[in-house]
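Notes follow the structure.
The values are calculated or read from the model by the stated rules, or taken from the named source; none is laboratory data. Because the structure is a prediction, the values reported are computed rather than measured. Positions of Cβ are generated from backbone atoms using ideal geometry, with glycine treated the same way; all protein chains shown enter the neighbour counts.
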Amino acid sequence: MTLRRQAAGLTVMHAADVLQPLLILPYAGQILGPIAFGQYAYALAITQIGSMIVDYGFHFTARRAAAAARHDPIAIRKIMAEVTAAKLILFLGVSLVGLAATSISLAISLPIFYCLLLATLGGVVSPVWLLVALERPWRAAWAVVFARILALVAFLLLVRSPSQAYVGAAIQVSIPLVTALICLPAILAIGVDGFRALRLRAIILQLQKGWHSFASLAAMTATVLLPIPLVQHFGGFAAAGHYSAAEKLVGVARPAFRIMADLFMPRVAYLAAHDPDKGIALIGRSLWTLVAGLFLSLFLYVVGPYIVILLFGPEFAGAIRILQILCVVPFIVNIKICMADLYMFNYGFERAWTALIVAGLPAFLTISYLLSRWMDAQDAVATGFVTSEILIAAVSAGFFIVAVTKRRRSASLAKTADA
């Protein structure tokens, strides 16, 4: 499938990921109010942490392996079976820890635990990562679109008061599970023979391969999800609701770069294994997307405040300053994807990539803590998040420039020697 057709399928899929929550936002903000909306956002944040553990970085390592072996059906079935089995083990562990936490911690109530089960089970069985790796995004796109529509209708019908905030959260976290059910025919077409030959050693090996990616994903997820709990802890649920409203508007731009990552990552992974020079050229072409990233950041800064008032009303005016701090995130994330994820991860620098991403978490926490002495909690957390992302993007860009320069110099010397 051509990159253009893949881009169209990924655009449809991620457009659904953007539009469905965006359509829910004004309704949820008006029906739930700042406090219940903060509870809703808090539940989603907790369940996403569980989903991150179950995913274990397979979004990176398993997708790279499947993309490189996409012309080998037996290898694909083996990877799918081993990854699913590893995720199931992680799901059982998260479920046991979550159940124990309901009895010893007020931070996880039974409704949040039920949301956690739905989200993590969906993470186990969802085949979207595999379909994207095999460059079959349209099959995943239609399943995601249908699941999102079902969730939107259910949210509008079932969430009618602030007391139903956790019902809304449960509906949203069920989307991956519904997507997996819709994708079942596509998975059966790929084949399930790999499950018959499963070995514990192979499952453990998948976990070992995914360790560095898991550490990176854990740091990235924590950096994205911790702001809401931190703001709630220091500023209350109303402040968390304001931060969540601003973060979700910024999040509308992120899927544009997920499209880019999902589009280029499988092809770059394949080329890195079979034709490295073409892969480098493809990464170079991806840098043109920085223009779109800059435009989105400027749009959020200029137009974003009006959107906040339009969607949420005057009582969410506190989200405007947070939005203006976070508006640079699309451009920074764009740089990070091009420099770190596409190049460093696929060209033999996975350990350096992991160290760089993981270092962003303590940088975020340290900067947020120091700034909280002079700023409101939500402003300090937003500034800490942006600063940590800038540090990662800057270091990865320097790494890419140095590495590619050395590569070109070596090629030039080789040509000179041949002459």
Quick check: is even one residue across segment 211-226 surrounded by fewer than 21 Cβ atoms within 10 Å (Cβ to Cβ), on the phi > 0 side of the Ramachandran plot and out of contact with any Ser or Thr (no Cβ under 9 Å at 6 or more places or on another chain)?
no
Check on Thr223, touching a residue at least 40 places away in the same chain (Cβ under 8 Å), in contact with a Gly (Cβ under 7 Å, 6 or more places away or on another chain) and assigned to a helix (DSSP H, G or I)
yes
Quick count over segment 97-151, residues being under 20 Å from Ile175 (Cβ atoms) and β-branched (Val, Ile, Thr), is 9
Tell me, please, whether a residue that is modelled with pLDDT under 90, on the phi > 0 side of the Ramachandran plot, not aromatic (Phe, Trp, Tyr) and not in a helix (DSSP H, G or I) can be found in segment 97-107.
no
Members of segment 188-207 that are modelled with pLDDT under 85 and either among the charged types (D, E, K, R) or closer than 21 Å to Val128 by Cβ (or both)
Leu188, Ala189, Ile190, Gly191, Val192, Asp193, Gly194, Arg196
Considering segment 178-191, residues that are in contact with a helix residue (DSSP H, G or I) (Cβ under 7 Å, 6 or more places away or on another chain) and over 18 Å from Tyr56 (Cβ atoms), and then whichever is surrounded by the most Cβ atoms within 10 Å (Cβ to Cβ), we arrive at Thr179
For Ala240, only one of the following conditions fails: (1) farther than 20 Å from His59 by Cα; (2) without any contact (Cβ under 8 Å) to a residue 60 or more places away in the chain; (3) surrounded by 18 or more Cβ atoms within 10 Å (Cβ to Cβ). What is its number?
(2)
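I'd like to verify a number: residues in segment 358-392 that are more than 17 Å from Ser244 (Cα to Cα) and crowded, with 23+ Cβ neighbours inside 10 Å, how many?
Matching residues across segment 358-392 total 5.
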Could you tell me whether segment 8-22 includes any residue that is surrounded by fewer than 23 Cβ atoms within 10 Å (Cβ to Cβ), under 24 Å from Gln208 (Cα atoms) and not aromatic (Phe, Trp, Tyr)?
no
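For (1) surrounded by fewer than 24 Cβ atoms within 10 Å (Cβ to Cβ); (2) aromatic (Phe, Trp, Tyr); (3) modelled with pLDDT of 90 or more, each residue gets a yes or a no:
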position	(1), (2), (3)
Ala36	yes, no, no
Ala41	no, no, no
Ile49	yes, no, no
Asp55	no, no, no
Phe60	no, yes, no
Arg70	yes, no, no
Pro73	yes, no, no
Val83	no, no, yes
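When you scan segment 143-162, how many residues do you find that are within 30 Å of Ala67 (Cα to Cα) and surrounded by fewer than 18 Cβ atoms within 10 Å (Cβ to Cβ)?
To start, the set of residues in segment 143-162 that are within 30 Å of Ala67 (Cα to Cα) comprises 143-149.
Next, only the ones that are surrounded by fewer than 18 Cβ atoms within 10 Å (Cβ to Cβ) stay: 146, 149.
The total comes to 2.
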Against the condition within 18 Å of the chain's Cα centre (by Cα), in a helix (DSSP H, G or I) and more than 30 Å from Ile31 (Cα to Cα), how does Ser388 come out, does it pass?
yes
For Tyr56, state whether it is under 21 Å from the mean Cα position of the chain (by Cα), at positive phi and touching a residue at least 40 places away in the same chain (Cβ under 8 Å).
yes
Within segment 332-378, the count of residues that are under 19 Å from the mean Cα position of the chain (by Cα), assigned to a helix (DSSP H, G or I) and of a type in the set (Phe, Trp, Tyr) comes to 3
